[in-house]
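Have a look at the structure below, then the notes.
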Amino acid sequence: MENDAAIGAYEYTCYRINNGFVKGIHLVNRKELTFLERIYIFEAFKGILITSTHFFKNIFLHTAHLLGFLKGQSAAVTIQYPDEKREYAPRLRTRHRLVQREDGSPRCVACMLCETVCPAKCIYIIAGEDPDPNIEKVAKKFDIDLGKCVYCGFCVEVCPEDAIRMDTQIMDIAAYSREEMLLDMDELLHPGSRKNG
Amino acid sequence: MPTLKIDGKDIAVPAGTSIIEAAKKAGTFIPHYCYHPGLSVAGNCRMCLVEVEKSPKLQISCFIPVADGMVVHTENDRVKEAREAVLEFLLVNHPLDCPVCDQSGECELQNYYMNYGLYESRLFEDKVKKEKVVPIGPTVMLDGERCVLCSRCVRFCDEVTGTHEMGIVNRGDHAEITVAPGKELDNAYSGNTVDICPVGALTDRDFRFKCRVWFLEKTSSICPGCSRGCNIEIHWNKERPYQTPNERVMRLKPRVNPEVNQWWICDEGRYNYHFIDQNRVLYPMKNNGKDLVQASWQEVMEEGSWVMKELQNTAVIVSTDVTLEDLWIAKELFIHKLGIQTIAYLPTKKSGEEDHLLRKSDKTPNTKGAQALGFEAKANEIFSLAEAGKIKTLILFGHNLIDLLGKERAQKIAEKVDSMVWIGSNQHEGMNLAKWIIPSSVYAEKDGTFMNYEGRVQRIFKAFPALGESKAEWQILKEWAQHIGINLPYENSSVIFEKMVQAESAFNGMSYQKLGEEGVLLNDSKDEGRGTMDDGRKKHVL
Ligand code: SF4
Ligand code: SF4
Ligand code: SF4
Ligand code: SF4
Ligand code: FES
């Protein structure tokens, strides 16, 4: 019964949309399949045809390029990872890093706002007293568990000290165990290093 | 009683009440910094300005007593504008330390700014610099820059402890809070200055940076540090074990109870929480002659239960650290069901310092409770019997015999007694004398009641589950009884309390509901000295 009611409401909404109650939406109705499409076999062959056309075209063009012909026409390109790396947009959220002060100490004051805001609860901070009274507080331990992180970037946004950023351009975050996904403070301060991996 | 109008609401309050208190009664909150109901009125922060009709200027509501027919506005444009200006003024030299400041999350500057400030900043960032991170005493850290000069801490040291350590020096922008030359803030109540400081100028050295306040859970309880039974809140966190490894309780804070401790607790009580998570006995143990080895509950209950059957020579010494519920089950089992005559109570700690404010010399929370339930203070008699070899089985509740009786006597008793059973929560040297060790939970891990020195029965609440395999004393006794065929049909502490009230006439009419937040006095307890600080100073009305 409840389901029926829900479907009813859904249909009513569609009806309202179809009848132009809602403006500015381009509606595409689902196309009915024809008989030939429904028996599937012709469509499968059509697919194979398209794939092989591209395959042979690319083989032909790549061979031609090797021999020095047809340079003007481009063939399909794949990136030869890990030898080649792709350029990322600078605003892309990549692996975290902790910003340092001029003397190399972390800028983080362990306010724990990032830890508080993190929806994945994957930041673990321990605070301690800094000998410099003008800094006063410092992170003694700062771990991020990338195995849990959802790359939302909230931690970067919330930081009052601009101490954490996600601009390392490092995206290859893979490991053989969960433990290895844990970045410690040292690694966060020196994003190139990889102790665990 | 004068009747006045606050924001259009009529309210009658006793003559002499200040407007701010009258407003509180009428349900209107007036923001304030320097005013504290437990201290004298300083009137220097100007945050509590209100408009009183027929008076030309705005008035500070903490200082002005109510008068009949007064009409007060706390929310009109004039008041709002003034508050905003006061806040702007207070924040002129205040550093924006909030990410570091331990008060963040509990700070009245932040709260009031969001509620009453929100002005356009006109600041050019040339703030007056003052001293930061100064340890002004063993427990308190001062940050002069953050201070709003409300003088609450100064008045606390002048009026409550009477020790006069603190003061404000210099004038204007350069006014600064400091300790008197050559002095430290090290009185027995110094931690309270941190509680009353409305901003992060005074922070607790014990708590600093341990845990952000917004991660803390709060449970009402009673301080077990002495027989005063101050009302406290346990602030704990167990979701972040990496922050404070193996530590659940982060700090204790006083809970206002005008009849017991008003707004304060002593430092001894405030920092007396580490035992909750440290050196705990986590599982039952058995003495194999040389060492203590881990045993299972089954083993302890079964092999240990013969202990309870040999009644003629069994003696029990209960402690005054456990709840009334635990004590009453002990009475039910040992006295009523088993008929043991050699049973006594004995505090687990030696008596200590006492003063005119809160501290009592008896450093356990429930001595009066043990007395009220009819336990006698004849532990020494039992020890003498034991020395004479007349006791076969001795059951102790957490006592450290070595500490209480000295090494020689304790060892002698342990040798003469066939089987010593020790039910306790924290490890100590004296525990090794026992044959059976049974782990019990501490006050933060159980529900129950304590009775303070004046006969006030007050509730403690369970904050988190017991550590390891430990259990509440009443539960241990109940299970033990089951193994020798005695049924004590009580499932939780509230049922036990109900039964106790039925059985003991002195507790007549009490129930967990009635105890509430402030506790209830035992029927026959005397009236003298109740509810005031012991020096007879005027009791502040809340
Ligand atoms: S990116 Fe999001 S999920 Fe990842 S650490 Fe930051 S706040 Fe947490
Ligand atoms: S928000 Fe910034 S300063 Fe605060 S703990 Fe996170 S990284 Fe450190
Ligand atoms: S230290 Fe705190 S309590 Fe003392 S005057 Fe300053 S703000 Fe007030
Ligand atoms: S006076 Fe006693 S009960 Fe009160 S806080 Fe101190 S130790 Fe605890
Ligand atoms: S609270 Fe009234 S002036 Fe400070």
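Throughout, read-outs are computed from the coordinates displayed, never taken from laboratory work. Computed from a predicted structure; not experimentally measured. When we count neighbours, we look across all protein chains shown, and the Cβ atoms used for this are built from the backbone with ideal geometry, even at glycine.
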Regarding region B:45-141, what whole-number volume in Å³ per residue does the convex hull of its Cα atoms give? 152
What relative contact order, as a whole-number percentage, does chain B give when Cα pairs under 8 Å and 6 or more residues apart are counted? 11
So what's Rg/Rh here for region A:55-166, counting alpha carbon atoms and using the Kirkwood radius for Rh? 1.30
Quick one: of B:LYS309/B:LYS337; A:LYS121/A:LYS148; A:LYS141/B:LYS218, which pairs are farther than 19 Å apart, Cα to Cα? A:LYS141/B:LYS218
If you line up the Cα atoms of region B:386-458 on their principal axes, what length do they span on each, largest first, in Å? 40, 26, 20
By its C-alpha gyration tensor, with a ≥ b ≥ c as the square roots of the eigenvalues, how is region B:384-524 shaped: rounded for a/c under 1.5, else prolate for a/b larger than b/c, else oblate? prolate
With each pseudo-label sitting 7 Å past Cα toward Cβ, what's the B:LYS337-B:ASP126 distance in nm, one decimal? 8.0
Mind listing the Cα extents of region B:1-75 along all three principal axes, in Å, largest one first? 26, 26, 18
Given charges at beta-carbon only (K, R positive; D, E negative), |dipole| of the protein assembly as shown in Debye: 980
Using only the alpha-carbon atoms, how far is helix A:2-18 inclined from the longest principal axis of chain A? Give it as 0 to 90 degrees, nearest 10. 70
Using just the Cα positions, wrap chain B in a convex hull and report its mean projected area in square nanometres, one decimal place. 28.4
Of A:ILE123, B:HIS235, A:CYS149, whose Cα points farthest to the positive end of the dipole of the protein assembly as shown (charges on the beta-carbon: +1 Lys, Arg; -1 Asp, Glu; origin at the Cα centre)? A:CYS149
When averaged across all projection directions, what area in nm² does the alpha-carbon convex hull of the protein assembly as shown cover? 53.4
When a/c is below 1.5 the answer is rounded, else prolate if a/b is larger than b/c, else oblate, so apply that to chain A with a ≥ b ≥ c taken from the square roots of the Cα gyration tensor eigenvalues. oblate
Expressed as a percent, the portion of alpha-carbon pairs in region B:240-323 spaced more than 15 Å apart is 78
Can you count the Lys pairs in region B:375-495 with C-alpha separation below 16 Å, eight or more apart or on different chains? 13
Excluding residues fewer than 8 places away in the same chain, name every one of the aspartates and glutamates whose C-alpha is closer than 13 Å to that of B:LYS25. B:ASP7, B:ASP10
Going fewest to most other Cβ atoms within 10 Å around each Cβ, B:SER511, A:SER177 line up as A:SER177, B:SER511
Would you work out if region B:123-223 is rounded, prolate or oblate? Take a ≥ b ≥ c from the square roots of the eigenvalues of the alpha-carbon gyration tensor; rounded if a/c is under 1.5, else prolate when a/b is larger than b/c, oblate otherwise. oblate
Report Rg(Cα)/(2.2 N^0.38 Å) for region B:285-415, keeping two decimals. 1.13
Distance in nm between pseudo-label sites at B:SER296 and A:HIS65 (7 Å out along the Cβ direction from Cα): 7.1
Lys, Arg +1 and Asp, Glu -1 on Cβ, resulting dipole of chain A about Cα centre, debye, nearest 20: 1040
Taking r as the C-beta separation of B:GLN371 and B:ALA12 and R0 as 35 Å, the FRET efficiency to the nearest 0.05 is 0.20
Mind jotting down the distance between the C-alpha centroids of region B:50-117 and region B:252-285, whole Å? 35
Region B:1-100: which trypsin sites (Lys or Arg not before Pro) are DSSP loop and have at most 12 other beta-carbon atoms within 10 angstrom? B:LYS54, B:LYS57
Cα centroid separation - region A:46-60 against region A:88-107, whole Å: 45
Just to be sure I understand: if I project the alpha-carbon convex hull of region B:422-473 onto a plane and average over all orientations, what area do I get in nm²? 4.5
With +1 on each Lys and Arg Cβ and -1 on each Asp and Glu Cβ, and nothing else charged, work out how big the dipole of chain B is about its Cα centre, in Debye to the nearest 20. 320
Would you mind calculating the gained length between B:ASP186 and B:VAL71 on full extension (0.36 nm times residue separation, minus the Cα-Cα distance), in nm to one decimal? 36.9 nm
If one takes the longest principal axis of the Cα atoms in chain A, at what angle in degrees, from 0 to 90 and to the nearest 10, does the Cα axis of helix A:41-67 lie? 60
Each label point is 7 Å from the Cα along the Cα-to-Cβ direction; what then is the distance between the points at B:LYS238 and B:SER384, in nm? 4.6
For region B:297-369, what log10 I(q)/I(0) values come out of the Debye formula at q = 0.25 1/Å, with one point per alpha carbon and no solvent? -1.14
Net charge near B:ALA503, counting Lys/Arg +1 and Asp/Glu -1 over other residues with Cβ under 12 Å of its Cβ? -1
Leaving out same-chain residues fewer than 8 places away, which aspartates and glutamates sit with a Cα under 17 Å from that of B:LYS290? B:GLU415, B:ASP418, B:GLU429
Pick out, from B:VAL256, B:ASN432, B:SER190, the residue whose Cα sits farthest towards the positive end of the charge dipole of chain B, with +1 on the Cβ of Lys and Arg and -1 on the Cβ of Asp and Glu. B:ASN432
Please give me, ordered by residue number, the chymotrypsin sites (Phe, Trp or Tyr not before Pro) of region B:217-315 that lie in loop per DSSP and have at most 11 other Cβ atoms within 10 Å. B:TYR242
